[in-house]
Amino acid sequence: MSKQSENGTPAFLERIFDRLQVADDVRQRLASAKLTAQVSIPVRMDDGALKVFQGWRVQYDDTRGPTKGGVRFHPQVSREEVTHLSFWMTIKCAVVDLPFGGAKGGVCVDPKGLSRLELERLSRGYIRAIHDLIGPDRDIPAPDVNTNATVMGWMSDEYAQIERRQVPAVITGKPLGLGGSAGRVAATGRGALQVLQLWTQRQDKSPEQLRVAVQGFGNAGYHFARLAHEAGYRIVALSDSKGAIHDEDGLNPEPIWKHKHATRELKGMVYCDESVCEERDAERIEQQALLELDVDVLVLAALEDAIDEDNAGRIKAPLILEIANGPVTAEADQLLEDAGVVVLPDVLVNAGGVIASHLEWVQNRIGDYWPQETVEQRLDDRIGKAAEACFERAEQEQVSLRTAAYLQGVGRIAAAMSQQGTRTYFNERAERRCGGGASGRQSD
Ligand code: GLU
């Protein structure tokens, strides 16, 4: 939701700025991306033909640190989408107080139609194209939709070859043997479960009382469903890009995932051809019907805009957990709020991935690696602290959890920008008119 258009800030963000009484400088600086690069990536296909793919890297804001964010391979990737996603990364890193700004990358491609070799060439070609823009202190890519640890391994190797030195901290989400961090693969799902647990504890509910439907069975959706099942939640429905299944007695996500991937390995494919629908014991339902099930928690772990004006009124779940980025449109968000549906927002819920990425970046830089328990403990602590702060703020200021998360995130970004000096700092007369006390003044 709250898509960031380059021509102006959306109404939601304006309300956040007004509430925080941020300086005009901050509004202007957050109104557009700092850097947008569009690249053409020529790839030699297996049949000898050359195909040129379009890719983007958008660095939205770097006031709080080097920019950070994943790279997605998807046929719907566009400059506009990557810009929205880079804005959300900026907010997300600030919500959980990481020393990073926000960025995102993407290539417009249907990766499911590529062979392994073609995928490797495309991944390396993307890094060759954006090499000058990235670096451990500049901009740090990571996995996102349809990219994984293997792709990150190719990307960091390509960077190292161009640089003629090892620079593991330039990319996070790498395979363990190539400088990756223990706990990174499951981190987004783990962080999301941590936020859900803290929220449900606040409502005096136990996992056993809650029936959960999960839309999206990629890396984040799967690990969330697996960990939630282990924690005692009843997963009654699952869906992927091919279909959905439903079983009121509860589904066990792990064997379903293993089956899907075993078939893929047998067929020698990079991406899954199989679906959760192969699960014979469960009832098959429409993907849209999963969203409208009468469950306690609806988990959105697929793509943007899953809930819009058309279906918002049919949502029966009283609680939505946003694991995907932007799965609820701005219009739908208002309708859900009016209907009393609580939305645990993406910029908090899915921050586990970038939190673990930060831990990987730190380990790469100090050249020492921590056991999984250390990474998990630090992840739980950081996301837990951010979640509690958002819950408190929402209660104190009587606002939605999304508004509370944005107040936290934008507040930190605005504070950083103000410490560089705003109009009231540089213009003494304006300061006197505004009553003084401008941020950035304290240090003189
Ligand atoms: N793609 C993930 C996200 O949207 C992770 C980003 C990262 O680790 O930098 O949060």
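None of the figures in this text is laboratory data; all of them are computed from the coordinates on show. All of these numbers come straight from a predicted model, not from anything done at the bench. FYI the Cβ positions are ideal-geometry reconstructions off the backbone, even for glycines, and counts take in every protein chain you see.
At-a-glance table
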item: Neighbourhood net charge (11 Å Cβ-Cβ; Lys/Arg +1, Asp/Glu -1) for MET152; result: -2
item: Fewest-first ranking of LEU122, LEU300, using other Cβ atoms within 10 Å as the exposure measure; result: LEU122, LEU300
item: For ALA244, residues with placed amide H under 5 Å, excluding near neighbours; result: ILE285, GLN287
item: Potential extension, SER206-SER115 segment - 0.36 nm per residue separation minus Cα distance; result: 28.2 nm
item: Within the chain: Cβ-based charge dipole about Cα centre, in debye rounded to nearest 20 (Lys, Arg +1; Asp, Glu -1); result: 1620 debye
item: Within the chain, percent of DSSP bridges classed antiparallel, to nearest 5; result: 45 percent
item: Cut-off under 5 Å, modelled amide H: who pairs with GLY69 long-range; result: ALA103, ILE140, ALA142
item: Amide H contacts of VAL343 (H built 1.01 Å from N, under 5 Å, at least 5 apart or other chain); result: ILE320, LEU401
item: Extended-chain gain in nm, criterion 0.36 nm per residue less alpha-carbon gap, GLU373 and ALA330; result: 11.7 nm
item: Inter-centroid distance (Cα atoms) of segment 174-208 relative to segment 24-73, Å; result: 28 Å
item: Subset of LYS34/LYS104; LYS51/LYS112; LYS68/LYS92; LYS112/LYS242; LYS205/LYS385; LYS92/LYS112 violating a 22 Å alpha-carbon distance limit; result: LYS92/LYS112
item: Over segment 51-108, relative contact order from alpha-carbon pairs under 8 Å, at least 6 apart, %; result: 52 percent
